[in-house]
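Below is one structure, written out as structure tokens; comments come after it.
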Amino acid sequence: MIEAKIFLWLTLLLSFSTLLSNDKNKKEKKKANHLKNETSPYLLQHVYNPVDWYPWGKEAFDKAKKEKKPIFLSVGYSSCHWCHVMEKESFENEKIAKYLNDNFISIKVDREERPDVDTIYMEFVRVSTGGGGWPMTVFLNTELKPFFGGTYFPADEKYGKQSFKNILELIAKVWKEQPDEIKRITKQAQKGLQQNLHIQGLDVVKINKDHIHKTIGFIEKSFDSVYGGFGKQPKFPNSNMMRYLIRQVHFKKSESAKKMLVKTLDEMSEGGIYDHIGGGFHRYSVDREWLVPHFEKMLYDNGQLAVVYLEAYQLLGYERYKDVATEILDYQIRKMTNNEDGGFYASEDADSEGKEGEFFVWEYEEVKKLLSDEEFKIATDLFSIKKEGNFESHESYHKNKNIFHLLTSYEEYAKTKKMKLSDLKKQVKSMKEKLLAVRIKRVHPGKDDKVIASWNGLMITAMARGYQVLQDKKYYTAAINTGNFIKNNMMKDGTLLKTYRSNIAKIDGVLDDYALLIDAYITLYEISFDESWIDEAIKLHNILEKEFKDDAGGYFYTGKSQKNLIVRTKPSSDNVIPSGNNVQANNLLKLWKLTNNEEYFKLAEKILKQGSLFIEKYPLSNLKLLEAWSFYLEKSYEIAIVGEGDPQDNEFILESYKKYIPNRVIAYSKIAGKSKYKGKIKLLENKTLLGKKSTAYVCQNFVCHLPVTTKKEFLKNFEAVK
């Protein structure tokens, strides 16, 4: 992304606050624009700009047509550093604002609220400029078709970029003097967007197991053997890639996959990209070493990374991965949710007090004052806290500052110092608690506290998996509460709504929202065994079938009723979150296994076949679809358990949670004596108690092994499955 590429140029900019001024008197003197009734924190940050902003909608579109003015579309999000920079430089500049108000209709969009809008115009920017990122700057005609775009533009010419003022003047001139040229460009842009974002008529390629497993060769080419991770700086955690490696270690016993996986997970969790004091991962690292992060924290990253570390712990048994997963989940519960109602917040900003990372960095003397001598020695020797600071930055305010990061693992440090690992962890825990208690009193970064359906789906799944693996009931409660919150607050008239804030749910959900919540609801069933969650999953699937279905296979990104979009897109590749179609292929296979409804299998098969060409040509962009192909082609596991007691106390369920078993579903029925199961989970049909004992049936592709009633037999059955 563009903001990542130019992160190291921060020294060339003034330091700006990321939040609206808290001075109420100043606000009262300013006139609120048309964003005043919005709920998005990002849009509300722009309410008192002198720019006469409109939200995306009919009022702005009608005004543009009536006044025959081009539309200036600005897209960003609340934790985007460069979005705030452009606001301070340009959107709070009275002269620039007046020029915009006189010559354009200005629309501000929160990309997290409207990913459908963002996707279309980002594709235009990407194709027309060769890059993309936020803030996104696009100029549209009155029919919403783009004719010029870019990302961040400075108010005055610098960094080799045209000034925003010059661009506005040029656009206004061309709009008035060359309407035929505008028409030509918009026609060409519309055609290109239709071809790129609504791909149809793809060849079907025959996919086999070799396609699944040979993808590791592409990953090896981009692997950084020194510092872990993939590709060059800036480095982003790639959850889909790491989960693929986990599966390769499991299925193929691949030493190459294990080496890449362990190196990457260790380097990430030891680096500054990980918040060692408060838990959770920052968005990305600006350097190769994972040391200096861009300090924002995103819900979607931490939801996916929690699952990665949980699965790695299940498979490899490394306690350090369990610790990281625990700290991620605890951070989310402690700081990023309304604990009474449920629902996880979207993000935490990078800046506070106008300074990047100020909340997260430390001075040597400050740390020394807070800790015991033993703890401070650990801080200096293990976490690299230094008088002169421990990272390089072009920002003067970072001088002599430190980012907590590990120089080596806890295990290696304890071995070198001849300490018990348990003693070291106890001291580190005490150190972190003292530092966190002080950090909490600092000025906090801005928090985007809107609830986004799709991202909450990711975190519900993470919390549910956390309960399964870690057996801590607080994760169960968090998962169930959030599922209930969305079910009760974000459904209206048979439609899933995308966002919730200030007691208002709004904006029709997109494919990602439905698919990731279906996955979450299936997982909620597998921790509670409450069949109403399967009902909810099927309800959402039925809406997809009615409103989003593409008869060629799979689903469009938006429903039929969504208006004011110049292209109806159909996502094919994973991004920072997996593609909704790729997720839904997995969902349908799980629903098929649980209900034995062949229709789900047929729908999944259509998605798989339609995406086969992407697996052949772009496997690294479709790892979630590759996961579905693995479910489709390789052994899948159905675990049916019947018992008389609470499922949370059933030893078979607890044992199945401990093991890493991909391509599986779990079902449980509470029955007594010789009674039979009555419900919609066909996997449980004809499964009865043996000798009045809890009984487990381990099946492969609907063919079951002999039922067992003892833990020893159950575990042996699992070995047979492998």
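The values are calculated or read from the model by the stated rules, or taken from the named source; none is laboratory data. None of these values were measured; they are calculated from a predicted model. Here Cβ is always computed from backbone atoms with ideal geometry, including for glycine, and neighbour counts include all displayed protein chains.
Being crowded, with 23+ Cβ neighbours inside 10 Å and not aromatic (Phe, Trp, Tyr) narrows it down to one of MET491, MET431, so name that one.
MET431
Close contacts from segment 206-219, counting a first residue that is of a type in the set (Lys, Arg) and a second that is in a helix (DSSP H, G or I), with Cβ to Cβ under 7 Å and a gap of 6+ residues or different chains, come to LYS209/LEU633. Of everything listed in (1) crowded, with 20+ Cβ neighbours inside 10 Å; (2) over 17 Å from the mean Cα position of the chain (by Cα); (3) in a helix (DSSP H, G or I), the single unmet condition for LEU329 is (2).
Could you say whether any residue in segment 566-573 is assigned by TED's automatic domain parsing to the domain that holds TYR476, under 23 Å from LYS206 (Cα atoms) and surrounded by fewer than 22 Cβ atoms within 10 Å (Cβ to Cβ)? Among the residues of segment 566-573, at least one is assigned by TED's automatic domain parsing to the domain that holds TYR476, under 23 Å from LYS206 (Cα atoms) and surrounded by fewer than 22 Cβ atoms within 10 Å (Cβ to Cβ), which makes the answer yes. When GLU181 is tested against (1) surrounded by fewer than 20 Cβ atoms within 10 Å (Cβ to Cβ); (2) over 33 Å from the mean Cα position of the chain (by Cα); (3) closer than 22 Å to TRP56 by Cα, just one condition goes unmet, and that condition is (3).
Just checking, does segment 248-256 include any residue being surrounded by 20 or more Cβ atoms within 10 Å (Cβ to Cβ) and not in a helix (DSSP H, G or I)? For segment 248-256, residues surrounded by 20 or more Cβ atoms within 10 Å (Cβ to Cβ) and not in a helix (DSSP H, G or I): absent.
Restricting SER422, SER454 to residues that are of a type outside the set (Asp, Glu), farther than 30 Å from ASP116 by Cα and not in a loop (DSSP other than H, G, I, E, B) narrows the list to SER422. What's the total number of residues in segment 39-84 that are among the β-branched types (Val, Ile, Thr), over 19 Å from ILE507 (Cα atoms) and buried (at least 22 other Cβ atoms within 10 Å of the Cβ)? Of the residues in segment 39-84, 2 are among the β-branched types (Val, Ile, Thr), over 19 Å from ILE507 (Cα atoms) and buried (at least 22 other Cβ atoms within 10 Å of the Cβ). Applying the set (1) over 27 Å from LYS450 (Cα atoms); (2) under 24 Å from the mean Cα position of the chain (by Cα); (3) assigned to a loop (DSSP other than H, G, I, E, B) to TRP134 leaves exactly one unmet item: (1). Tell me, yes or no, whether segment 410-420 has at least one residue that is exposed (fewer than 13 other Cβ atoms within 10 Å of the Cβ) and in contact with a helix residue (DSSP H, G or I) (Cβ under 8 Å, 6 or more places away or on another chain). So far as segment 410-420 goes, yes, one or more of its residues are exposed (fewer than 13 other Cβ atoms within 10 Å of the Cβ) and in contact with a helix residue (DSSP H, G or I) (Cβ under 8 Å, 6 or more places away or on another chain).
Can you say whether GLN200 is polar (S, T, N, Q), in a loop (DSSP other than H, G, I, E, B), surrounded by fewer than 13 Cβ atoms within 10 Å (Cβ to Cβ) and modelled with pLDDT under 95, as far as the supplied structure shows? Considered against the rule, which asks whether it is polar (S, T, N, Q), in a loop (DSSP other than H, G, I, E, B), surrounded by fewer than 13 Cβ atoms within 10 Å (Cβ to Cβ) and modelled with pLDDT under 95, GLN200 comes out as yes.
Every residue in segment 305-326 that is hydrophobic (A, V, I, L, M, F, W, C) and surrounded by 23 or more Cβ atoms within 10 Å (Cβ to Cβ), please. Before you say what the answer is, go through the steps one by one.
Keep residues of segment 305-326 that are hydrophobic (A, V, I, L, M, F, W, C), which gives 305-308, 310, 312, 315-316, 324-325.
Listed by number, the residues that qualify are LEU305, ALA306, VAL307, VAL308, LEU310, ALA312, VAL324, ALA325.
Among the residues making up segment 134-171, those that are out of contact with any Leu (no Cβ under 9 Å at 6 or more places or on another chain), within 15 Å of LEU73 (Cβ to Cβ) and either loosely packed, with under 15 Cβ neighbours inside 10 Å or of a type outside the set (Phe, Trp, Tyr) (or both) are PRO135, ASN141, THR142, GLU143, GLY150, THR151, ILE167, ILE171. Within segment 402-438, the set of residues being in contact with a Gly (Cβ under 7 Å, 6 or more places away or on another chain) and farther than 27 Å from VAL226 by Cα comprises just one member, LEU436.
Got at least one residue in segment 225-232 being part of a helix (DSSP H, G or I) and not basic (Lys, Arg)? Checking segment 225-232: not a single residue is part of a helix (DSSP H, G or I) and not basic (Lys, Arg). Given the structure, is THR326 at pLDDT 95 or above, closer than 23 Å to MET459 by Cα and assigned by TED's automatic domain parsing to the domain that holds LYS487? Criteria met by THR326. If you filter segment 361-401 down to residues that are surrounded by 12 or more Cβ atoms within 10 Å (Cβ to Cβ), farther than 19 Å from THR416 by Cα and hydroxyl-bearing (Ser, Thr, Tyr), you find that the one that is farthest from the chain's Cα centre (by Cα) is SER372.
Close Cβ contacts (under 8 Å, 6 or more residues apart or on different chains) running from residues in segment 594-608 that are within 16 Å of SER636 (Cα to Cα) to residues that are assigned to a loop (DSSP other than H, G, I, E, B) comprise LEU594/ILE681; THR595/LYS680; THR595/ILE681; ASN596/PHE702. From the list GLN248, GLN195, pick out the single residue that is without any contact (Cβ under 8 Å) to a residue 60 or more places away in the chain and under 30 Å from LYS549 (Cβ atoms). Within the list GLN248, GLN195, the selection yields GLN195.
With respect to the conditions (1) modelled with pLDDT of 95 or more; (2) crowded, with 20+ Cβ neighbours inside 10 Å, ILE207 falls short on a single one, namely (1). Could you list all residues from segment 321-342 that are touching a residue at least 60 places away in the same chain (Cβ under 8 Å) and in contact with a Ser or Thr (Cβ under 7 Å, 6 or more places away or on another chain)? Passing the criteria: only GLY342. LYS593 passes every criterion in (1) farther than 30 Å from THR39 by Cα; (2) in a loop (DSSP other than H, G, I, E, B) apart from (2). Please verify whether segment 537-544 includes one or more residues that are polar (S, T, N, Q) and in contact (Cβ under 8 Å) with a residue 60 or more places away in the chain. Among the residues of segment 537-544, not one is polar (S, T, N, Q) and in contact (Cβ under 8 Å) with a residue 60 or more places away in the chain, which makes the answer no. From the list LYS590, LYS560, the lone residue that is over 23 Å from GLY303 (Cα atoms), assigned by TED's automatic domain parsing to the domain that holds GLU536 and either surrounded by 17 or more Cβ atoms within 10 Å (Cβ to Cβ) or not aromatic (Phe, Trp, Tyr) (or both) is LYS560. Of ILE641, ILE681, ILE653, ILE661, all but one fail to be within 20 Å of ILE534 (Cβ to Cβ), free of Cβ contacts under 8 Å to residues at least 40 places away in the same chain and not assigned by TED's automatic domain parsing to the domain that holds ARG247; the exception is ILE653. The set of residues from segment 350-381 being basic (Lys, Arg) and not in a helix (DSSP H, G or I) comprises just one member, LYS355. Residues in segment 382-419 that are in a helix (DSSP H, G or I), in contact (Cβ under 8 Å) with a residue 40 or more places away in the chain and among the acidic types (Asp, Glu): GLU411 alone.
Where helices (runs of 4 or more DSSP H) fall wholly inside segment 1-96, the ranges with 2 or more residues that are modelled with pLDDT under 95 and out of contact with any helix residue (DSSP H, G or I) (no Cβ under 8 Å at 6 or more places or on another chain) are 2-5, 24-29, 81-86.
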